[in-house]
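The values are calculated or read from the model by the stated rules, or taken from the named source; none is laboratory data. Because the structure is a prediction, the values reported are computed rather than measured. Because the Cβ atoms are built from the backbone with ideal geometry, glycine has one as well, and the counts that use them run over all protein chains shown.
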Amino acid sequence: MEKTEYNYDIVRSFVNWSIVWGVVAVLVGVIVSFQMVEPGLNFAPYLTFGRLRPIHTNAGIYGWGVGVIFATFLYIVQRLCKTRLWSDGLAKFQLWFFNATIIASAVTLLLGYTTSKEYHEMEWPIDVMVVILWVAFAVNIIMTIIKRREEHMYISLWYMMASLIGVAILYLTNSAAMPVSLFKSYSAYAGTNDANVHWWFAHNAVAMALTAPPLAMFYYFLPKSTGVPIYSHRLSIIAFWSLIFMYLWTGAHHLLWTPVPDWIQTLAMAFSVMLIAPSWGSVFNGYLSMGGQWHQMRENYLVKFLIVGITFYGMQTLQGPMQAVRTFSAFIHYTDWIPAHIHMGTMGWVSMISFASIYFLIPRVYGRQLYSIPLANLQFWLILVGQLIWSFSLWIAGVLQAGMWNAMNPDGSLTYTFLETMVEMYPYWWVRAGGGLIYFAGILVFIYNLYMTVQKGESVPSAAAFAEGRA
Amino acid sequence: MWEKKPVLLLIMATGAILVGTIITMVLPFAWVNTEADRIESVTPYTALQQEGRDIYIRDGCNNCHTQTVRPLVAEVIRYGDYSKSGEFVYDRPFLWGSKRTGPDLARLGGKYPDEWHYKHMESPRAMVPKTNMPDYGWLADNQLNPQKIKRKMDVLGFPYTDDEIKALAGKNEMDAIIAYMQKLGSDIPWREAVEITIVGDLQNPFKGDAAAVSAGKLLYMENCAQCHAEDLSGDIGPELDGANYDEAELFELIYLGIPDGGMPPYSKLGAQKVWQMVNYLQEGQ
């Protein structure tokens, strides 16, 4: 086999920067969780909950989430195509422009330049930057695939390409606005239309940025870590096409019982329930790939992260459709249950897969063995326990809150005022903040472990051993 | 076959993505914000209200407050009439939100007098003890920029007069956000539509009941003291002297409120709690 020089420098840089933004996301998350229990921790005008919460979400999605997507895709695409990246220069531009975009986002959001649209708060000049960034990334990936030296495209590449297209369509459509100045614009859509367009975007951003890419990573890193192939190719084909077809119908499940036309809500509800099938197609494909390999859950820390991660994906894709049913939505929507759901997805599913991917990449791109597997195990338990405390406290809080909002006296009056329901939330909000701190501790352990790996890790005996690994 | 042809895969994936997109996102434009859901009485925001809305956006109020009332029993009782599509045609962007850390604000307009809002924004805990809402008194320190607001109105295509723009000079961000909040949900006459009529004779079920008086006192402190003061001496609302009213009259006042006078109705607390407050006002002082 002809030896290929892969571009690992760029992978290293994206791994490092994605971790930087991940730390920012979690740290700001911890800060806003304390602001919710102690309003005195809001320092106007910049450091208030209303301005910091979008920084938390956007740093998490675009800094950490997309940063890891860039790192892993740029690695995986080279390996699966058995060829070097199409353009090193473009990738380098992408790295610097990525950081410039994230910094510009954080600064402008702090200054209050926001569109208010959730997960798309940044004003129009940053939308332009995001588009340039995504085009640079997409061109590099697609061109690398086109010049590949392996005829067959593996599953991970399908998910990557769907994500490239999906994010482009979603982001461009939802960005449409009428600018007033450099820092202020008004949406091109009004009222109910704006709501429908926006939640079509926001829900499918979850599909195209936080579902398809982690699945691409999972399908690549699981067999790489266990040494055995994915159980069923046919199942992965069915799951892929049905997933990307059905997801786009479901945005309006965020708008059940609102003035959005009923038929859109009903379609969204039906397709959300149907989505259980392709989601669990991937979950089962992962589980069945472990046939005869379950002992690796004990022996191989990478497998532990990946399998627990896909398990949270399974939980997430059962809970989500449940919430998308009108009757349950009527009860639970707008309560603290919802952030608990989201954080199971982000802290449990997406981040578990991301941590596993980075643990897999580090020895290969730095040529050093991981400094400490016990520390990796410690991190696993810290983030698992932190996330479970986070989510369970708010699931309980959400049910309590929903029950109190709906409680009525025999004469048809309300049993509780709004404030009485809020006061009940405080203990759960404290517990949630504690869960966030434990999760943050896990991330510090992760960073320490990686730092020590790069500084002191034993060098990998033969770098070629990795280069010649199974593609 | 598509597994070996990247361009084909890209085209197929685009197609798969576009089907649901066109049906659930593009097609609705044919139904929404058309003549069918137009409401005659819904008007664009004034310059001051629109600026207030932009401040609401700037400071991320939508992260904790929703602006859509769902057609569900407990929700309509708590907040008011459910939201209609035609009420939002001038909202760019929409501000329905996704989380109610604080209450829904879709029907806030006209619920409280301006003065209540000024005090509440300055120090929410002074008005609503134990709330976690941050202080926004600093908004009053920021003067409005009339020329900038004029440009916004031009971009939005909303009508305004030069006098209206001139009047913005000297006003601050607090004035603007309160003007905005007072418009929320008040373009349709929903309060008249849900007006309650009390039928039959009102009988005080707690006459001479000391427990009811002390329960009424707690309810008064929680619901009324912010405007009428803890010692009933009055503040935003007038001084209260139970002796001036007969008990049925007092019950009606509290139960139904004075919609035009800034006194919200307390029917949602239920007749029993309102009677307890009546007994406190008449005998507890």
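Which of the numbered conditions does A:Thr258 fail, given that it passes all the others? Conditions: (1) at the interface with chain B (Cβ under 9 Å from one of its Cβ atoms); (2) out of contact with any helix residue (DSSP H, G or I) (no Cβ under 9 Å at 6 or more places or on another chain); (3) not aliphatic (A, V, I, L, M). Among (1) at the interface with chain B (Cβ under 9 Å from one of its Cβ atoms); (2) out of contact with any helix residue (DSSP H, G or I) (no Cβ under 9 Å at 6 or more places or on another chain); (3) not aliphatic (A, V, I, L, M), the lone unmet condition for A:Thr258 is (2). Could you figure out which of (1) within 13 Å of chain A (Cβ to nearest Cβ); (2) in a helix (DSSP H, G or I) isn't true of B:Trp96? Of everything listed in (1) within 13 Å of chain A (Cβ to nearest Cβ); (2) in a helix (DSSP H, G or I), B:Trp96 misses just condition (2).
If I filter region B:53-77 down to residues being β-branched (Val, Ile, Thr) and facing chain A (nearest Cβ under 7 Å), which single residue comes out as surrounded by the most Cβ atoms within 10 Å (Cβ to Cβ)?
B:Thr68
Residues of region A:56-72 that are surrounded by 24 or more Cβ atoms within 10 Å (Cβ to Cβ) and among the β-branched types (Val, Ile, Thr): A:Val66, A:Val68, A:Ile69, A:Thr72. Against the criterion of being closer than 17 Å to A:Pro339 by Cα, touching a residue at least 40 places away in the same chain (Cβ under 8 Å) and not in a loop (DSSP other than H, G, I, E, B), A:Gly442 does not qualify. Cβ separations smaller than 8 Å between residues 6+ apart or across chains give the following pairs from region B:1-18 residues that are crowded, with 16+ Cβ neighbours inside 10 Å to residues that are among the charged types (D, E, K, R): B:Leu9/B:Glu3.
Residue count for region B:78-93, restricted to those that are over 23 Å from A:Phe49 (Cβ atoms), touching a Lys or Arg at 6+ places or on another chain (Cβ under 9 Å) and more than 7 Å from chain A (Cβ to nearest Cβ): 4. Restricting region A:73-103 to residues that are more than 23 Å from the chain's Cα centre (by Cα) and aromatic (Phe, Trp, Tyr) leaves a set whose member that is surrounded by the most Cβ atoms within 10 Å (Cβ to Cβ) is A:Trp86. Among residues of region A:32-56 that are over 19 Å from B:Arg125 (Cα atoms), those with a beta-carbon under 7 Å from a residue that is among the acidic types (Asp, Glu) and outside any helix (DSSP H, G or I) at least six positions away or on a different chain give the pairs A:Arg51/B:Asp59; A:Pro54/A:Glu121.
The set of residues from region A:213-244 being hydrophobic (A, V, I, L, M, F, W, C), facing chain B (nearest Cβ under 10 Å) and surrounded by fewer than 20 Cβ atoms within 10 Å (Cβ to Cβ) comprises A:Ile237, A:Trp241.
Does A:Pro410 count as closer than 25 Å to A:Met352 by Cβ and without any contact (Cβ under 8 Å) to a residue 24 or more places away in the chain? In short, no. The set of residues in region B:249-258 being in contact (Cβ under 8 Å) with a residue 24 or more places away in the chain and surrounded by fewer than 19 Cβ atoms within 10 Å (Cβ to Cβ) consists of B:Glu252, B:Leu256. The condition (being assigned to a helix (DSSP H, G or I) and within 8 Å of chain A (Cβ to nearest Cβ)) is satisfied by just one residue among B:Leu18, B:Leu27: B:Leu18.
Scanning region B:30-53 for residues that are assigned to a helix (DSSP H, G or I) and free of Cβ contacts under 8 Å to residues at least 12 places away in the same chain, we see that the one that is farthest from B:Ala176 (Cα to Cα) is B:Ala30.
Look at (1) touching a residue at least 24 places away in the same chain (Cβ under 8 Å); (2) surrounded by 16 or more Cβ atoms within 10 Å (Cβ to Cβ); (3) under 25 Å from A:Ala407 (Cα atoms) and you find that B:Pro205 fails only one, number (2). Mind counting the residues in region B:140-171 that are part of a helix (DSSP H, G or I), without any contact (Cβ under 8 Å) to a residue 12 or more places away in the chain and away from chain A (no Cβ under 14 Å)? Number satisfying all stated conditions: 2.
Yes/no per residue for (1) charged (D, E, K, R); (2) surrounded by 15 or more Cβ atoms within 10 Å (Cβ to Cβ):
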residue	(1), (2)
B:Leu240	no, yes
B:Glu247	yes, yes
B:Asp260	yes, no
B:Lys268	yes, yes
B:Ala271	no, yes
B:Trp275	no, yes
B:Tyr280	no, yes
B:Glu283	yes, yes
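Tell me, please, whether a residue that is more than 7 Å from every other protein chain (Cβ to nearest Cβ), under 25 Å from B:Val194 (Cα atoms) and either of a type in the set (Ser, Thr, Tyr) or touching a residue at least 24 places away in the same chain (Cβ under 8 Å) (or both) can be found in region B:119-127. No, every residue in region B:119-127 fails to be more than 7 Å from every other protein chain (Cβ to nearest Cβ), under 25 Å from B:Val194 (Cα atoms) and either of a type in the set (Ser, Thr, Tyr) or touching a residue at least 24 places away in the same chain (Cβ under 8 Å) (or both). Close Cβ contacts (under 6 Å, 6 or more residues apart or on different chains) running from residues in region A:264-292 that are away from chain B (no Cβ under 14 Å) and more than 16 Å from A:Ala212 (Cα to Cα) to residues that are at pLDDT 95 or above and not in a loop (DSSP other than H, G, I, E, B) comprise A:Val273/A:Pro321. Which residue, of B:Ser123, B:Ser98, is among the polar types (S, T, N, Q) and in contact with a His (Cβ under 9 Å, 6 or more places away or on another chain)? On inspection, the qualifying residue turns out to be B:Ser98.
For region B:78-90, the candidate set comprises residues that are without any contact (Cβ under 8 Å) to a residue 60 or more places away in the chain and surrounded by fewer than 21 Cβ atoms within 10 Å (Cβ to Cβ); within that set, the residue that is farthest from B:Thr66 (Cα to Cα) is B:Val89.
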